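Quick notes on the structure that follows.
Just so you know, all these numbers are worked out from the coordinates, no wet-lab data involved. Note that the structure is a prediction, hence the values are computed from the model and not measured. Every residue, glycine among them, receives a Cβ derived from its backbone with ideal geometry; neighbour counts consider all protein chains shown.
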């Protein structure tokens, strides 16, 4: 995963350098790409945190020997908890958007005279 993440980042930088001279890179595209670039990194961090002793073993540190087989986690993670955790930020943003709409969207109406 670490190597795949590094390759992904190098490819992303190459893509931006290549596209910069060919077309305009708009802020929305930069924001979306920045968000998507975080997904592999956060996945890597999650795997490392959940398997910290094996991460240390990759570098010869810690008390365990490095294992390469795929095994189920004991005890398994709660699927419902993971699903709720992933849905919460999207749900919160959807619920709070109407309250903050005036702050995020520019007004197209003409200013009122005082």
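Below are the figures for this structure:
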quantity: Residue 17 paired with residue 65, simple spin-label distance in nm, labels 7 Å along Cα-to-beta-carbon; calculated: 4.3 nm
quantity: Segment 2-73 - Rg over Rh from alpha carbon coordinates, Kirkwood radius; calculated: 1.16
quantity: Potential extension, residue 74-residue 57 segment - 0.36 nm per residue separation minus Cα distance; calculated: 4.2 nm
quantity: Relative contact order, percent, segment 1-74 [alpha-carbon distance under 8 Å, six or more residues apart]; calculated: 22 percent
quantity: Computed FRET value (nearest 0.05) for residue 47 with residue 10, which takes r as the C-beta separation and R₀ as 35 Å; calculated: 0.95
quantity: Nearest-0.05 FRET efficiency for residue 36 and residue 2, computed from C-beta distance (R0 22 Å); calculated: 0.75
quantity: Sequence of 21, 15 once ranked by neighbouring C-beta atoms within 10 Å, starting from the fewest; calculated: 21, 15
